[in-house]
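Have a look at the structure below, then the notes.
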Amino acid sequence: MEQRSSWTAVAWEEYFNFFSLSPFMDIFDFAIIGLYFAIILWIARWASSSKKEVSEFSSVDYFLAGKDQGWLVIGASLFASNIGSEIILGVSGAGARADMPLANFEILAALILIVFGWVFVPFYLKSSVYTMPEFLEKRYSRACRNYLSIISIFAYIITKISLIIFAGALVFEVLGVPFWTGAIFTVVATGFYTVLGGLKAVIYTDMVQAFILILGTVVVSVFGLQQLGGWDNMIETLSMASSQGGPEVSQFFNLWRPMEDTDYPWTGMLFGAPILGVWYWCTDQYIVQRALSAKDVSNARKGALFAGYLKLLPVFLFFIPGVIAYALLQNGVISFSMDDADQALPALITQVLPGGLRGLAIAGLLAALMSSLSSAFNSSSTLLTIDFYQKFRPNASEQDLVRFGRVATVVLVVLSLGWIPFMEALMGGGIFQYLQSVQAYISPPIAAVFLFGLFYKWINAKGAIVALWTGFAVGIFRLVMEFMNNNGSISIDPNGLLATFLGINFLHFALFLFIFCVVVLMAVSKMTAPQPEESLVGLTYERSKSQPSASMKLDARLSVLLVVLVLILWFVFSPWGLGG
């Protein structure tokens, strides 16, 4: 794909040629997509209609949606914020490539959300914080807060926001919609309602977008299977393809690979991936901010559990459609390149679905893109406002905070659009595994500091900051060496220590780095003075003598059921089930 230059002129040219350059879409598709945008913008307007002027918003209203949200809204928002275009394309592409272990990241998230709801949520709500860096300052020190603030904002701008826009625009391009038309229109629309209503507008639109996404992908699966003649015919097609050199049928339905597998060993999935999960689901502002908007702990926990149930769906909503697309490719019904299997789902949508339903499926992809993007915008503006602007101007009024938050969102929109032309050159290929690797390199120290800080009072600020920066240095060293080795900048002795270091699977590396950070955290804390007991009240775990309420008993039963469902999925998609 040629380098996109003079993008403003190109964007306007594509805009005026929009309808003639969309061969896959008809008037019914445009009508459905138009209705989708109308509904989303109406919900955003409704969510902010009670406080139309900036002077009427308080910072709690704008950044935490008034702290009065229920479990349904929170759970749907958690799910929708997480599912972006890059995840949909990545998981469906994995289905087409028979890389089912990738779907384990989605299933494991259900278990991590149980930990989030029971372990982390009570402390976050009791501490009345707006941001995760703010919580680290209360538990440890200002230095720890600065570390997480800087790392988070940098990661949001360079990876989350830019990647979501880039992946979403590529979806539009595959569907026949011009790249810049899709990118600019979606970013501006998303930025508009994010600025308009803050977190409340974001989470209410997320709730609707979650169900549109689910409905759209269900339609794709149903029509794809119908085109194949049913599940049994799909298996027969996969068997025929296997006899001609394609992947074994069992490979499409097996979550577990041997420990020596270079990409997704079962040991890495079971022990390394949860570390990435704790960082992302339990400590990242992008996700946690939804729970901070809950009216109470019970609703926040139920919202987390509801999101956990929803996270079991991507196996069926995204991965299986990828398998269906591969089978249809073998039958010659659809066409896409297996060299870029991430085209599987867009190809299924454009070449199988009839008019109208095609628009519904595209609206589902738009919902995934916009919900993730609005969450990234809102979380970034919250961090910039609370962790930087408020510290710089401690006497700023509520109106000043809200106004700065809105300006920060607009700036993020502009920066994101400006960054898109550089994405292609910087990312190259292997975008999804690269991002997973980056998470494996930055998440272990953060996960260690949060997790152990909740349970052990003697873990102190000096131990935390040393563990954070030491872990960061090791992780970045691995990332830089890996990059230089891949592009040929350095020559490494294949039998040397550095080659062994770089040869560690990224999930195993996450586990080793986590253990290393825990050792540093504990050792430095033991060698230095503990923090005053009074500064830790409500910030560390203390055994409760009170009897569990009826609501907690219900949450416990829902948690057990969720664990059982995860175990069932692990068995069904294993060598003893469909993967046998």
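The values are calculated or read from the model by the stated rules, or taken from the named source; none is laboratory data. Note that the structure is a prediction, hence the values are computed from the model and not measured. Don't worry about glycine lacking a Cβ; one is built from the backbone with ideal geometry, like all the others, and counts go over all protein chains shown.
Among the residues of segment 507-544, the ones that are over 30 Å from ASP261 (Cβ atoms) and either in a helix (DSSP H, G or I) or without any contact (Cβ under 8 Å) to a residue 40 or more places away in the chain (or both) come to 16 in all.
Residue-wise test of (1) within 30 Å of ASN254 (Cβ to Cβ); (2) surrounded by 14 or more Cβ atoms within 10 Å (Cβ to Cβ); (3) polar (S, T, N, Q); (4) more than 28 Å from the chain's Cα centre (by Cα).
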| position | (1), (2), (3), (4) |
| --- | --- |
| PHE514 | yes, yes, no, no |
| GLN531 | no, yes, yes, yes |
| ARG543 | no, no, no, yes |
| SER559 | yes, yes, yes, no |
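Of the candidates TYR130, TYR147, TYR124, the single residue that is at pLDDT 80 or above, surrounded by 20 or more Cβ atoms within 10 Å (Cβ to Cβ) and not in a helix (DSSP H, G or I) is TYR130. Screening GLN547 against (1) surrounded by 15 or more Cβ atoms within 10 Å (Cβ to Cβ); (2) modelled with pLDDT under 85 leaves a single unmet condition, (1).
Scanning segment 319-335 for residues that are closer than 27 Å to PHE30 by Cβ and either touching a residue at least 60 places away in the same chain (Cβ under 8 Å) or not in a loop (DSSP other than H, G, I, E, B) (or both) yields PRO321, GLY322, ILE324, ALA325, LEU328, VAL333. Within segment 282-306, the set of residues being modelled with pLDDT of 95 or more and either closer than 27 Å to MET100 by Cα or among the hydrophobic types (A, V, I, L, M, F, W, C) (or both) comprises ALA304, LEU305, PHE306. The numbered conditions (1) part of a loop (DSSP other than H, G, I, E, B); (2) out of contact with any helix residue (DSSP H, G or I) (no Cβ under 8 Å at 6 or more places or on another chain) are all true for ARG257 except (2). When segment 222-241 is limited to residues that are surrounded by 17 or more Cβ atoms within 10 Å (Cβ to Cβ) and among the polar types (S, T, N, Q), the one that is nearest to ARG290 (Cα to Cα) turns out to be GLN227. Listed by first and then second residue, the pairs linking a residue in segment 226-249 that is of a type in the set (Val, Ile, Thr) to a residue that is assigned to a loop (DSSP other than H, G, I, E, B), with Cβ atoms under 7 Å apart and 6 or more places separating them unless they lie on different chains, are THR237/ASN331.
Annotation: SER335 fulfils all but one of (1) over 19 Å from PHE223 (Cβ atoms); (2) surrounded by fewer than 23 Cβ atoms within 10 Å (Cβ to Cβ); the unmet one is (1).
Against the definition (at pLDDT 95 or above and part of a helix (DSSP H, G or I)), how does LEU276 come out, yes or no? Judged against the criteria, LEU276 is not a match. Whether a residue is free of Cβ contacts under 8 Å to residues at least 24 places away in the same chain, farther than 14 Å from VAL438 by Cα and out of contact with any Lys or Arg (no Cβ under 8 Å at 6 or more places or on another chain) was assessed, and ILE490 passes this test. Please tell me if ALA467 is in a helix (DSSP H, G or I) and surrounded by fewer than 13 Cβ atoms within 10 Å (Cβ to Cβ). No, not satisfied. What number goes with the only condition from (1) among the hydrophobic types (A, V, I, L, M, F, W, C); (2) under 18 Å from LYS160 (Cβ atoms); (3) not in a helix (DSSP H, G or I) that ALA396 does not pass? It fails just one condition, (2). When segment 362-401 is limited to residues that are within 20 Å of LYS200 (Cα to Cα) and surrounded by fewer than 24 Cβ atoms within 10 Å (Cβ to Cβ), the one that is modelled with the lowest pLDDT turns out to be GLU398. VAL73 falls short of the stated requirement of being at pLDDT below 85, surrounded by fewer than 24 Cβ atoms within 10 Å (Cβ to Cβ) and either in contact with a Pro (Cβ under 7 Å, 6 or more places away or on another chain) or assigned to a helix (DSSP H, G or I) (or both). When each of ALA307, ALA291, ALA300 is tested for being in contact with a strand residue (DSSP E or B) (Cβ under 8 Å, 6 or more places away or on another chain), of a type in the set (A, V, I, L, M, F, W, C) and buried (at least 22 other Cβ atoms within 10 Å of the Cβ), the lone residue that passes is ALA300. Determine whether TYR280 is under 13 Å from ASN82 (Cβ atoms), hydroxyl-bearing (Ser, Thr, Tyr) and in the same structural domain as GLY216 (by TED's automatic domain parsing). It is true that TYR280 is under 13 Å from ASN82 (Cβ atoms), hydroxyl-bearing (Ser, Thr, Tyr) and in the same structural domain as GLY216 (by TED's automatic domain parsing).
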